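Structure, as structure tokens:
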There are 4 protein chains.
Amino acid sequence: MNNKIRQNFSIKKRLKEIVEREETVAGKVFNLFIMALILLSVISLSVETLPDLDPNILRVLVIFELVVVIIFSIEYLLRIYVADRKPKYIFSFYGIIDLLAIVPFYMAAGIDLRSIRIFRLLRVFRILKFTRYSEAATRLLNVFKMIKAELLIFLLITICIVYIAAVGIYYFESPTQPEIFKSVFHSLWWAVTTITLLGYGDVYPVTIGGRIFTYLVLMVSIAMIAIPTGLIASALSKEIDLEAS
Amino acid sequence: MNNKIRQNFSIKKRLKEIVEREETVAGKVFNLFIMALILLSVISLSVETLPDLDPNILRVLVIFELVVVIIFSIEYLLRIYVADRKPKYIFSFYGIIDLLAIVPFYMAAGIDLRSIRIFRLLRVFRILKFTRYSEAATRLLNVFKMIKAELLIFLLITICIVYIAAVGIYYFESPTQPEIFKSVFHSLWWAVTTITLLGYGDVYPVTIGGRIFTYLVLMVSIAMIAIPTGLIASALSKEIDLEAS
Amino acid sequence: MNNKIRQNFSIKKRLKEIVEREETVAGKVFNLFIMALILLSVISLSVETLPDLDPNILRVLVIFELVVVIIFSIEYLLRIYVADRKPKYIFSFYGIIDLLAIVPFYMAAGIDLRSIRIFRLLRVFRILKFTRYSEAATRLLNVFKMIKAELLIFLLITICIVYIAAVGIYYFESPTQPEIFKSVFHSLWWAVTTITLLGYGDVYPVTIGGRIFTYLVLMVSIAMIAIPTGLIASALSKEIDLEAS
Amino acid sequence: MNNKIRQNFSIKKRLKEIVEREETVAGKVFNLFIMALILLSVISLSVETLPDLDPNILRVLVIFELVVVIIFSIEYLLRIYVADRKPKYIFSFYGIIDLLAIVPFYMAAGIDLRSIRIFRLLRVFRILKFTRYSEAATRLLNVFKMIKAELLIFLLITICIVYIAAVGIYYFESPTQPEIFKSVFHSLWWAVTTITLLGYGDVYPVTIGGRIFTYLVLMVSIAMIAIPTGLIASALSKEIDLEAS
């Protein structure tokens with residue numbers, strides 16, 4: 001009995017090494033295999049959307065997905081099993097991503113696939129798993145945590161400015177281009193693509209008033225680009241200093 | 001009499017707590033209510049601009065705006081009443097925004113609404129009130145105060161460069177595209193959308209000279225993006241250092 | 001005789017105070033007058049390019065320009081007269097700008113104006129005079145001096161990358177879009193508008209190879225925007241530190 | 001015999017001074033000559049792609065290229081000869097560039113030129129040689145080495161986000177614009193041009209869902225621009241500090 005517990009413990013320990021430790025040989029092989037599988041399943045998901053796809057290829061892709069989901073499900077259960085603090089893993093960022101990567105499949109099974117296709121798109125979260133395998137990502141995450149409050153404020157101000165820009169351009173342009181600047185909601189599209197300096201060119205002002213207003217909006221746009229950059233740059237400088245000391 | 005003063009004083013103190021202190025329960029409720037009202041009135045303002053709107057909905061929106069303006073007016077008077085230094089509040093950034101959020105309504109009342117509609121758009125300033133409710137915003141404001149002089153110079157130089165770019169492209173492109181680059185004023189639109197790297201694509205040079213000139217302008221454009229970013233980044237680094245020490 | 005020298009000396013000193021010292025009342029009036037004149041002449045230059053301009057207005061503008069050039073010429077001679085080290089002023093940045101602001105007029109006089117019109121455009125340099133009147137500009141200039149070498153290298157690398165991008169896209173796109181990507185020179189226009197993230201949308205790749213190549217180019221583009229920004233940000237931080245210590 | 005070795009040694013030393021030392025007069029002349037030749041050969045390569053080129057000019061360009069390749073080959077062998085540690089030079093960044101600048105010519109000789117034309121385009125690497133001649137470039141290179149890990153992570157995350165954006169827009173837009181958003185692969189083009197804020201305007205969402213999704217993507221885009229800029233800015237600050245101390 002004592003021996004069995006010890007054996008169980010040893011198996012769990014061994015599994016833990018394979019699943020959680022990437023520095024051991026077994027861990028390396030396991031994690032590289034999972035990464036390859038994630039990549040392949042992501043490509044497979046994209047190929048499935050190709051129009052005029054050969055039904056045979058589609059059949060292969062469907063079977064491949066089945067295999068992938070089974071493997072990912074086992075991996076997910078394994079990760080819970082070997083975790084020291086199970087709830088911590090389940091509700092962690094990666095725990096949720098791991099679950100989201102397999103859940104859409106089970107939700108779609110048995111029911112009409114097409115109507116739930118939207119949820120299957122959540123499978124793209126699988127790709128985010130990549131980030132787990134890198135330590136350097138945490139550094140960048142730390143920086144974002146450091147400036148979370150400022151970024152939130154910035155986001156709020158951006159939304160306000162986008163809204164004001166939309167109202168302004170609606171006033172200037174809707175009399176001349178009533179079909180394009182139909183309402184404030186339609187003008188929001190112009191505001192978003194202009195303030196981010198994207199500039200698709202599908203909507204743009206043609207009146208003198210609208211163009212002068214655009215000039216003022218663009219002055220603010222540059223600040224909109226500059227603020228998050230400045231925030232990240234200064235936070236990174238601090239993070240590097242903290243690590244050095 | 002003494003009691004009445006004391007009572008008055010106590011009511012004022014209580015109101016002050018509700019209006020100005022967001023950390024008390026009553027203050028929290030009051031401010032969240034105002035914020036919700038701002039958001040709703042902003043959405044209502046946008047819905048009003050929708051073409052082919054049901055007259056019944058429009059009637060509801062008009063009544064809702066009346067209610068909102070009354071509440072905001074009471075709130076504005078309350079804020080003056082509880083302020084320790086009344087002129088300071090009235091002429092502060094938020095005091096002016098609070099007034100601008102309600103004044104357009106009174107100006108429009110009794111007169112034909114449609115002709116004064118332009119002033120009603122000033123109601124969008126209401127949305128700026130959001131910024132009041134956050135402390136983190138002041139940090140960003142400090143940064144802007146720190147680099148005010150440099151930003152002004154930068155703005156001036158930008159205007160100069162935009163002008164020079166407009167004159168230059170006018171010289172190169174007006175012989176080939178006389179309809180688009182009609183005058184220096186028309187060329188300014190090209191200059192603005194190019195220097196900010198927006199690039200709608202409604203006006204662009206087609207001659208070799210104009211394209212080489214555009215290349216030179218774009219080299220300057222990158223600096224135009226880089227300078228405010230650099231200013232904000234360095235000012236933020238300093239602001240963080242000041243707070244730390 | 002001695003008195004006359006002393007008197008001359010005193011007149012020169014007085015003029016020096018008016019022309020070079022902006023903090024005295026006379027200096028303030030003089031410089032504000034010159035600034036207003038620069039602004040007016042720049043606007044006049046733009047108005048002249050308007051098509052279908054009333055001949056009477058044009059006549060007024062021509063006379064106004066004559067007056068402006070006379071005043072600027074007197075100002076230029078005055079600046080040389082009061083300068084302590086005359087060659088230093090003449091060959092300084094502002095000395096050259098001051099000369100360029102008036103020379104085109106004299107070169108055009110007597111000869112056919114239309115063919116020399118190009119030189120008259122140099123009059124836009126007049127606008128640059130604005131920068132003289134501000135001290136904060138020198139701070140930004142210092143930053144640019146500090147990173148001159150890096151910016152030059154960056155410019156050189158950018159030119160290389162633009163060229164490589166043009167050759168690459170020419171190879172991928174010229175078989176499919178021979179009219180747009182005619183030669184490497186024609187492809188340079190695409191390269192410039194893409195690498196700066198401008199994206200007019202008049203030329204863009206349509207082949208799969210060209211699009212994958214564009215993706216790689218855009219990865220570099222972001223660095224192209226990031227490097228000068230980073231350079232300016234770090235130089236500004238240093239400049240601020242130097243001033244503080 | 002001893003004399004001959006000494007003589008050989010002296011010739012090698014002299015050649016080394018010419019080839020590797022740019023501060024001597026002979027070295028300056030040699031390197032400026034090579035630089036001019038690189039520039040000329042790059043221009044010649046571009047001119048060759050011009051359509052309707054005079055056959056005589058083409059013949060001159062082909063001969064010129066022959067001369068250039070011979071000179072560059074001699075230069076390459078010389079550089080190996082004078083290098084203290086030959087393998088180090090051959091496998092260095094510049095050694096590989098030097099080889100790539102001449103190899104395409106030898107590969108094309110004797111075989112049908114047109115099919116191997118793609119390799120000849122590698123000749124553009126010749127232009128990269130310019131960077132060798134500058135010391136300031138190493139500073140920028142140091143910065144990139146310092147943030148290599150972060151940039152790699154950033155690149156990986158960018159690829160993930162581009163993919164997710166493509167899947168998302170495919171879901172929103174393919175029912176409305178099936179010809180433009182044919183599959184996830186076709187949507188990638190939209191994702192790339194939007195996330196980099198390029199915005200050609202050849203593909204853009206038209207549905208409300210797609211536009212709201214674009215807004216979310218653009219919020220991330222700004223971070224995509226801000227992160228590398230912040231990384232470079234903070235690394236540059238550190239590099240400058242290291243050099244100072």
Copy-to-copy label separations for residue B:139, where each label sits 7 Å from Cα toward Cβ, in nm and ascending: 2.2, 2.2, 3.2
Label 7 Å beyond Cα on the Cβ vector: residue D:78 copy-to-copy distances, nm: 6.0, 6.1, 8.6
Accessible area buried at the C-B interface, both sides summed, 1.4 Å probe (Å², nearest 100): 3700 Å²
Loop GluC sites (Glu not before Pro), segment A:1-88, which have at most 10 other Cβ atoms in a 10 Å radius of their Cβ (DSSP): A:23
Charge context of residue B:173, other residues only, Cβ under 11 angstrom, K/R +1, D/E -1: +1
Positive minus negative residues near residue A:188 (Lys, Arg vs Asp, Glu; Cβ under 12 Å): +2
Of the trypsin sites (Lys or Arg not before Pro) in segment C:1-104, those whose Cβ has at most 11 other Cβ within 10 Å and which sit in DSSP loop: C:85
Solvent-accessible area, 1.4 Å probe, carbon plus sulfur percent, for segment B:172-242: 69 percent
Check: segment B:139-245 dipole with +1 on Lys, Arg Cβ and -1 on Asp, Glu Cβ, in debye: 100 debye
Residues in segment A:44-62 occluded by at least 30 Å² - accessible area, probe radius 1.4 Å, against chain by itself: A:46, A:49, A:50, A:51
Inter-copy spacing of residue B:32 label points, which lie 7 Å from Cα along Cα→Cβ, given in nm from shortest upward: 5.4, 5.4, 7.6
Nearest-10 value in Å² for the accessible area of residue D:80, using the 1.4 Å probe: 30 Å²
Neighbourhood charge, 14 Å Cβ-Cβ cut-off, centred on residue D:151 and excluding it, Lys, Arg +1 and Asp, Glu -1: +2
Loop trypsin sites (Lys or Arg not before Pro), segment A:135-171 (other Cβ atoms within 10 Å of the site Cβ: 14 or fewer; DSSP): none
Per-residue SASA entry for residue D:189, accessible area with 1.4 Å probe, Å² rounded to 10: 10 Å²
Segment B:148-244 shape via C-alpha gyration tensor axes, a/c threshold 1.5: prolate
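The values are calculated or read from the model by the stated rules, or taken from the named source; none is laboratory data. Quick caveat: nothing in here was measured; it's all calculated off a predicted structure. In this analysis, Cβ positions are derived from the backbone assuming ideal geometry, glycine residues included, and neighbour counts consider all displayed protein chains. Heavy atoms of the whole protein, side chains included, go into the accessibility calculation; ligands, DNA and RNA do not. Shrake-Rupley method; radii C 1.70, N 1.55, O 1.52, S 1.80 Å.
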